[in-house]
Structures are given as C-alpha cells and as structure tokens.
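Taking it in order: structure first as structure tokens, then the write-up.
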Amino acid sequence: AWLQNGFEPDHAAMGPIHDFLQQIITTAQAGSGIYQTAVQELVDGIRSITGQKPVCMESGSGRYLTLGTIGSSSFIDQSIEAGEAERLGDEGFVIRKVDRGEHVYIVLAGKTEKGLLYAVFHFLRLLKTGGLTDQVDVTEVPKYRLRMVNHWDNMDGSVERGYAGQSIFYRNDVLLSRSARVRDYARLLASVGINGIAINNVNVHRHETRLITEVYLPDVARIADIFRNYGIRLYLSVNFAAPIELGDLRTADPLDADVQKWWKEKAADVYCYVPDFGGFLVKADSENRPGPFTYGRDHADGANMLAEALKPYGGIVLWRCFVYNCHQDWRDRTTDRARAAYDHFKPLDGRFLDNVVLQIKNGPMDFQVREPVSPLIGAMEKTNQIVEFQITQEYTGQQKDVCYLIPQWKEVLDFDTRIKGEGSTVKEIAAGLVHPYVHSGITAVSNIGDDLNWTGHHLAQANLYGYGRLIWNPELSSELIAKEWALLTFGPNKAAADTIADILMASWPIYEKYTSPLGVGWMVRPHYHYGPDIDGYEYSKWGTYHFADCHGIGVDRTQSTGTGYSAQYEKANSELYENLETCPDELLLFFHHVPYTHRLKSGKTVIQHIYDTHFEGVEQVEQVISRWRGLEGDIDAERYRHVCGRLEAQLENAKEWRDVINTYFYRKSAIPDEKNRVIY
Ligand code: GCW
C-alpha cells in the first residue's frame, strides 16, 4: 500500500536533505512504546526510501535528524518557540531545521509521543513525495480529536459489507491476536493519523456479545496492545441485550439497578485488560437490534446507563443515530425514513451525559451515491456528535467499480448548516467549534480485508488513505490527496501519478451518472446493493422509494405537500430545498416529485438528463480504461493488470445500469430520447 517499499531511490530528487538521513539522534524517553515505534518507523522508512539504513546514536554532530518529545532534550527544546507545546496539544508536531554551527539538524518533535509518531510518518511522506526541502518548517495539528474507523467484522471471519476478503481480526470465532497483518494495519492507520478503532460489527451477534467477557478479553487486550503502540485506542461494539443474552439477567432495562450494576462490572473487567480502552459503540433499536425501546425507555436512558459504567475510566459511548422504522408499509405515504434520525434524537438534546457521543451518518438515508447532509448534524447544541462516513463502498461500486469518495466527503464537510449563522459548516461542527462539544470528530466504516492488496480494488486504497488525510486536515484538496497517494503507492513517476489522480477525481461523478439519477438513490439490487434493480425496494418495508410512474418520479419531502423533511434544516437551507426553483439539480428527486418533462437548471428535461447521463457514464468509463491503458510500462505490471481487470468489469456494470435505467424510464414515460440512441 502507501507504505510500500522497494522503489528505486531517487537521490537527486532528495537533494541536500540526503545528508541528514544518515544519522539519527535519539533522546532518552521514558514514556510508552510509541517512542520505540516512532524510531523504528523512521529507521525502516529511511532505509526503504534511500536504500541505506541510518545509524541511531544518543549524541552526535554535523548533519542529522533528531526526534523526541518537547522537554526530552535541549536540542529539541531549542527549536521550539514559547507557547508552542500548548499549541501542538496532544497530537500535533513540528518538523524543523535548526542551524547551530556544529549542529545542523532536522528536529521531529511533538508534545507527546503520539505527536512525534505522526511527525515521523509525515516526514517520510514528504520525503517520498519530494515535498521536503532543507529549509523544512512544518507545524501540524489535527482538526479533529476523534479520528476513527469502525469495522463491521464478525468473529466467523466474514465482514458485513466487506469487499476485500475476510476479516484480518477473526477466523472461526477466534481472535487473530498475533497476526502480523493487524500490526501492518495499525501502521497504515497511524501513518494517516487515525487514533481510534472499533474492531467488531455494530450488529453484534452471539459470539461477539462475549467480547466483553473473560472468554475473549485476553485476546482483545493483545490486539489493543498492537494498536496502542501506534497511538490508536480500541473500542468494542456491544449488544444492548448482553445482560440477557449472556444468561445473567432477565432484562436489559437501562433503568433497572441490576442491569446498571451488570454493565459497571463489565466495564471494570474490560478496563482490567485494556486500561486505555476507548469505549462502547452501540447500534440500538435499529434494524432489529435490541435497545431501550423494548422497555419503554428512550435513547438517552440507554446511552447514559452505559456512559455511567464507563465514566470512572474515561471511556465514552458512541451511540449511533441510524434509527428508523425498517418495517414500514410501503402504502404509508406519511412516514419518511429520511426524517427518522432527527425526529428521534433532536427532542433529547440536553439529556445525554457528556461522555456520550451521537454518531450520525453523513446522509439521512444511508450512504447513497448522493444525499443531502443529515439535518441532525449540528442540530443538537448540548449533545456531543461525531459524523460517520462509509469508506467501504456498499452503495458506491463495492470496490469492483472505482469510486474515489474524498470529494463526496469534502462536500459534506463544506456544507453550511447555518445552525448558528453563516459558517456553521459540518467541518466546524465536527471539530466542536460551533457548539462546545466535549467529544467530537469523525468516524467511518473501513474498507479493508485480508486480500493481499487490502481493499479488493487497488484504487480503493485511496479512500482509506484519503479519509485519514482529510480528517487530519479537511483543507487538503481531494486532488492533492489523490496525487500523494498515487506517488506513495506507485512510485515517483509524476506523470503516472497525475493520470491516476485524474482517474480518481473523475470516478465519483461517473459512478453517479450511470447509477441512480438526481439524488433519488436506491434502485439497487436488494440486500446486495450492487447493480440495478429499479423496483427492488419499491414495494418493500425499508422506506426507500422513488415513486416513479408514467408521469413522473421523485420523493416529495417538502413541507407544503410532502413529508415535511425539508423543514428539519435551518431556514435558508430549508427554503432552498423546499423550492423547486432553487433546489439543486443533483438533489431534485430527493426533495421533489416532478414530471419527466420538468426542466432542470441545466436546461434539460428530467428524462433527457436520465438518458444523457447514462450514455455519458458508460462512455466515460471507456475513456478511463484508455487512460489507464496508457500507464502500461509506467507502473508495475501486476497492479496494472489487476486494475485493467476491474475496469473491464466496471464497464459491464455501467452498461447494465445504462440499459436497465434507460429502458425502464423510456417504457414508463414513453418519451423518446432526443438523440435517438439505442434504448431497449
Ligand atoms: O447500510 C446499512 C447496511 C447494513 C449496516 C447498516 C448500519 C451494519 O446495509 O449492512 O449494518 O447500514 O449502518 O447499521
């Protein structure tokens, strides 16, 4: 992946920096294993980039690198300005050249060892991408405090919505706690700044319910040790009905004293094994999972009960807001799944303890190719929130089709909720800068498995890499992230990296074009969620409808004639979406039901837009294939061929979507394509 070794070293490109890379001066660090990790990563990284192993010493002179925490050596402290340690906080770092006559050195320093580790990875990244000069002076502080990944891995080794093989954590109900793969994953995550991981599926089944018991805790602890050395805290998903399912109690009522006591004991057990355990991730009263509703209690009762148990140890509860009625009668036109999270949680603002964090999916429905931003984000002033993205490509091509998601997440982060006037963007809300949250940040469902290339489709690695980079610094452009990834992964060939970045940048718009139009979503094969099935969910219980008939298509979510969802936004946004004239084209069918002849802002009718985009989508996949073919010989043959294979399959998928969608809407509307192309 992007920590890949073995490219030909380019000494010339390194220029004067090269002189600094032969000696590393370490400092006497008390601290945790993270310092050892940092030194090791620096040594290994330099060796793999330059072909030469640097020497580690405790003192020296001339040109060298030195790394340590502030306060651990006078050489380091001399490079730090007054007040800088405070500004760096627990995770920031500096990389800076210092010239003191006999000593000319580049210092890598953090206030903490964790900050230092991030400095090392950043240094290596700059070195490998040619971004390092001998005048280096970098200061970095992450934007978000919680920067997490979630795994939907099950103990039998399967991964829910996983498209890259089996779990790296489990096989046959056993934890793979000595696996080298887990350590490599910790390296990958730390190299892009991830600091938290939940290692089991939010749908907590029978075996996984026992992860918090002594049966599995010794193994959980071993995995936590691996991640700890890379500055990553471990979290577990828990089953709300665990007190019953483990056979200890007859109720899981959060207000029952025995239940409260039970969870307190469990928390104590967990902290015995994992002293820096992050906390519990909970999917409750969602998609048939147990929760407080069974006992006539609400989400605040449920979350607070767990929060009380974790509080003495500094743990948190990540409580998911993906709560909706998954047994809806499709005939019922008043219930709207998009409304559900806001309707359930907004009234509870102020009732949650301060170590509860609500985890909110970026869209109100479910990780579709295109959705508006969830109106719950920022809507609760007194309740901590974290935004949840999906790196695994459940609805965005399943790592068969290329779909670079950083631009999508950036759109979400840049969305201005206007909750507290202009500038109340998701980016600022998730950083706790709009409301003073005690805990906040970003999390996402990981896309890796035990496939040799981690992500099934090699290009899907860019999503995991980019996710980490983006949530460290959301000001980075999608394009810059794509180029960085390509250079790190395929080697120092700028032209090749530019082509790969172009392909990535084009991919989300292309995927959107040949799949579901204008924000209507779904239209996917039920359960699998890959490939077209327009009516697959239309008469189902899942609350995901498009309402296409012979006259028109779309979901009326307006306040005036529809479900009223649009009213969940602040006035300016609410009016923007409510009004047919101002609603952005790409979300038109999410908010409105319109005739096929309705004219978009682009000037096209809805039906012509559907035809055009579906033809274009396929043509653009063909262009991507020819651009990729141009890379033959410039990148290694194995990965070249692998991506060729995926792209050919993507073309078939795109054609299938094009023909199914165009044919369906031609038959429904009886309106011919203006350009008379083949529709079946
Ligand atoms: O998108 C849906 C998925 C489920 C998933 C659920 C969730 C883990 O289809 O597989 O369950 O979301 O986020 O809880």
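Below, the figures for the structure above:
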| read-out | value |
| --- | --- |
| Those residues of the stretch 105-142 which are of a type in the set (Val, Ile, Thr) and at pLDDT below 95, in sequence order | Thr129, Thr133, Val136 |
| Selected residue [under 22 Å from Asn154 (Cα atoms), more than 16 Å from the ligand (Cβ to nearest atom) and among the acidic types (Asp, Glu)] from Glu245, Glu308 | Glu245 |
| The stretch 313-328 residues that are under 16 Å from Asp298 (Cα atoms), paired with ones that are within 16 Å of the ligand (Cβ to nearest atom) and among the aromatic types (Phe, Trp, Tyr) (beta carbon under 6 Å, 6 or more apart) | Val317/Phe280; Cys321/Phe345 |
| Single residue of Asp248, Asp276, Asp253, Asp285 found to be at positive phi and assigned to a loop (DSSP other than H, G, I, E, B) | Asp285 |
| Check on Ala430, free of Cβ contacts under 8 Å to residues at least 60 places away in the same chain, among the hydrophobic types (A, V, I, L, M, F, W, C) and more than 16 Å from the ligand (Cβ to nearest atom) | no |
| Residue match in the stretch 283-290 (condition: more than 16 Å from the ligand (Cβ to nearest atom), within 21 Å of Glu245 (Cβ to Cβ) and out of contact with any strand residue (DSSP E or B) (no Cβ under 7 Å at 6 or more places or on another chain)) | no |
| Test: Val412 is aliphatic (A, V, I, L, M), out of contact with any Phe, Trp or Tyr (no Cβ under 8 Å at 6 or more places or on another chain) and either in a helix (DSSP H, G or I) or touching a residue at least 60 places away in the same chain (Cβ under 8 Å) (or both) | no |
| Members of the stretch 245-259 found to be surrounded by fewer than 17 Cβ atoms within 10 Å (Cβ to Cβ) and in contact (Cβ under 8 Å) with a residue 40 or more places away in the chain, listed by number | Thr251, Leu255 |
| Pair list, Cβ < 9 Å and 6+ apart or interchain, from the stretch 531-543 residues that are at pLDDT 95 or above to residues that are small (Gly, Ala, Ser) and crowded, with 17+ Cβ neighbours inside 10 Å | Pro532/Ser516; Ile534/Ser516; Ile534/Ala548; Asp535/Ala548; Tyr537/Gly543; Glu538/Ala548; Gly543/Ala338; Gly543/Ala340 |
| Matching residues in the stretch 56-67 - criterion: being within 10 Å of Ile25 (Cβ to Cβ), out of contact with any Ser or Thr (no Cβ under 8 Å at 6 or more places or on another chain) and not aromatic (Phe, Trp, Tyr) | Ser59, Gly60, Ser61, Leu65 |
| Cβ-Cβ under 6 Å pairs, at least 6 apart or on other chains, the stretch 194-206 side more than 13 Å from Val445 (Cα to Cα) and within 16 Å of the ligand (Cβ to nearest atom), far side modelled with pLDDT of 95 or more and of a type outside the set (D, E, K, R) | Val204/Ser237; Val204/Asn239 |
| Some residue of the stretch 643-650 being under 19 Å from Trp508 (Cα atoms), crowded, with 17+ Cβ neighbours inside 10 Å, of a type in the set (Lys, Arg) and within 27 Å of the chain's Cα centre (by Cα) | yes |
| Condition broken by Asp414, with the remaining ones in (1) touching a His at 6+ places or on another chain (Cβ under 7 Å); (2) surrounded by fewer than 24 Cβ atoms within 10 Å (Cβ to Cβ); (3) not hydroxyl-bearing (Ser, Thr, Tyr) satisfied | (1) |
| Residues satisfying the stated conditions in the stretch 313-340, i.e. more than 22 Å from Asn150 (Cα to Cα) and either within 16 Å of the ligand (Cβ to nearest atom) or assigned to a helix (DSSP H, G or I) (or both) | Asn325, Cys326, His327, Gln328, Arg337, Ala338, Arg339, Ala340 |
| Residue list for the stretch 472-518, filter: over 24 Å from Ala430 (Cβ atoms), modelled with pLDDT of 95 or more and polar (S, T, N, Q) | Thr489, Thr499, Ser507, Thr515 |
| Single match in Gln4, Gln29 (criterion: touching a strand residue (DSSP E or B) at 6+ places or on another chain (Cβ under 9 Å) and assigned to a loop (DSSP other than H, G, I, E, B)) | Gln29 |
| Only one of Ser167, Ser177 that is surrounded by fewer than 19 Cβ atoms within 10 Å (Cβ to Cβ) and of a type in the set (S, T, N, Q) | Ser177 |
| Residues of the stretch 350-402 classified as outside any loop (DSSP other than H, G, I, E, B) and under 19 Å from Leu470 (Cβ atoms), total | 9 |
| Which numbered condition Thr597 misses (of (1) part of a loop (DSSP other than H, G, I, E, B); (2) buried (at least 20 other Cβ atoms within 10 Å of the Cβ)) | (2) |
| Residue tally, condition under 14 Å from the mean Cα position of the chain (by Cα) and of a type outside the set (A, V, I, L, M), over the stretch 178-204 | 3 |
| Some residue of the stretch 54-75 being within 15 Å of Leu126 (Cα to Cα), in contact with a helix residue (DSSP H, G or I) (Cβ under 6 Å, 6 or more places away or on another chain) and assigned to a helix (DSSP H, G or I) | no |
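Rundown of residues vs (1) out of contact with any helix residue (DSSP H, G or I) (no Cβ under 8 Å at 6 or more places or on another chain); (2) of a type in the set (D, E, K, R); (3) more than 30 Å from Gln166 (Cα to Cα), yes/no style:
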{"site": "Tyr395", "(1), (2), (3)": "yes, no, no"}
{"site": "Ile406", "(1), (2), (3)": "no, no, no"}
{"site": "Asp414", "(1), (2), (3)": "no, yes, yes"}
{"site": "Lys420", "(1), (2), (3)": "yes, yes, yes"}
{"site": "Val426", "(1), (2), (3)": "no, no, yes"}
{"site": "Ala431", "(1), (2), (3)": "yes, no, yes"}
{"site": "Ile448", "(1), (2), (3)": "no, no, no"}
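The values are calculated or read from the model by the stated rules, or taken from the named source; none is laboratory data. Small disclaimer: the values here were computed from a predicted structure and weren't measured. Backbone-built Cβ (ideal geometry, glycine too); neighbour counts: all protein chains shown.
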